1. Over region 1-72, what is the relative contact order in whole percent, taking alpha-carbon pairs under 8 Å and six or more residues apart?
2. How would Met1, Met216 rank on accessible area, largest to smallest, probe 1.4 Å?
3. Where in region 237-268 is the amide nitrogen less than 14 Å from a point lying 7 Å along the Cα-to-Cβ axis of Ser280?
4. Rounded to the nearest 0.05, what FRET efficiency is calculated for Thr289 and Ser236 with R0 set to 35 Å and r the Cβ-Cβ distance?
5. Over the chain, what is the relative contact order in percent, taking alpha-carbon pairs closer than 8 angstrom and at least six residues apart?
6. Spin-label point model (7 Å from Cα, Cβ direction): what's the Asn229 to Asn205 distance in nm?
7. Placing unit charges on C-beta atoms (Lys and Arg positive, Asp and Glu negative, everything else neutral), compute the dipole magnitude of the chain about its Cα centre in debye, rounded to 20.
8. Give me the net charge of Ala42's neighbourhood, meaning all other residues with Cβ under 9 Å from the Cβ of Ala42; Lys, Arg count +1, Asp, Glu -1.
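The values are calculated or read from the model by the stated rules, or taken from the named source; none is laboratory data. Every value quoted in this text rests on a predicted model; they were computed, and no experiment measured them. Using ideal geometry, Cβ is built from the backbone for each residue, glycine included, and neighbour counts are taken over all protein chains shown. When the accessible area is computed, the model is the full protein with side chains, heavy atoms only, and any ligands, DNA or RNA have been set aside. Shrake-Rupley method; radii C 1.70, N 1.55, O 1.52, S 1.80 Å.
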Amino acid sequence: MKTSLEWKKLLYLPLIYRRHGSRKPGMITLPGSTHKVVINPADDRAYKKLVIDTARKRISTPMLFWRDHAAYLTNPLCMDIGANYGECMAYAEYKDAYCVAIEANPGLLAYLEQTRQLHPDSKNISIESCLMGDVDDVGVEFYYSEKWTGGGSAVLSVRHNRKAQVISHTLDQLCAKYHDARHKALLLKMDVEGYEGKVFDGFTNIDRWPNIAGIMEFDSNTLLMAGTNPRALFDSLADRFAMFLTFRRCRNLKKLNSWQEHEAHYKNGGIHCDIAFFSSDTMISPRWTILDQSSHQT
């Protein structure tokens, strides 16, 4: 029996060929952009999230957020934490910004470097091969799957079939390495399979950055697997940032005033979403809309 992805490959094959010129493209052009991303078409995650979605002109919420805020913020230092093939990195411009793409999966680094080289602002992009966490310069076991590269993690699960020894760095260390006086803001994107809490644990110098805008995956199950209490993480962020729920493939935000309010969106158990956070509402790109509290969207 064919899987859902296999049926989608057949269904969208004419569109894929028309958009990308191949049934199994090794490079795709991002919709609404001339920027390219180099991929392994045998990777199911790359095929579903990049080949099929870009053929359908679908762009993820983190990509929209990244592009808009890299353009809106003043001379930002942009940290793409969990870059994968670099689709967020590739989607933005960096003429007045600097981007650091951070990826722990060793099987993705060659593709990520090719994507960097193809970017028109490649001189303002660096790649760091490491796991972001709460300790510096320590070897850590990293687990991943060759068939679905989006799930790589320092926490072993049944979906992983490969492992590698990688180096851990903290956000403190990398911000110090790349920061200079021209950077007036910090743009963060985090998708690190439950290690988001560890990344913030390693950001003890956060007070040095009064202007932060970010988007992060918030998955209660993977956070718990990594030893992070989801509510404690949410509350610690809410003490410092304005917190917003995001929605799939659009520029809408809904203010989250408490953990209870956040949890109420997920009546059937675990929380899985992308949360946006800002030092102040003035950090929000004007392209994004804050929904009225009475609005509801899924």
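1. Once normalised by length, the contact order is 26 percent.
2. Numbers: Met1 225, Met216 0 Å².
In descending accessible area the options line up as Met1, Met216.
3. What the label zone holds, given the 14 Å backbone N cut-off, is 241-242.
4. Working: r = 27 Å, r/R0 = 0.77.
The computed FRET efficiency comes out at 0.85.
5. Details: 602 pairs, mean separation 45.9, N = 298.
The normalised contact order for the chain reaches 15 percent.
6. Modelled inter-label distance: 2.9 nm.
7. On the way: 37 positive and 34 negative charges, 340 e Å.
In total the dipole reaches around 1640 debye.
8. -1
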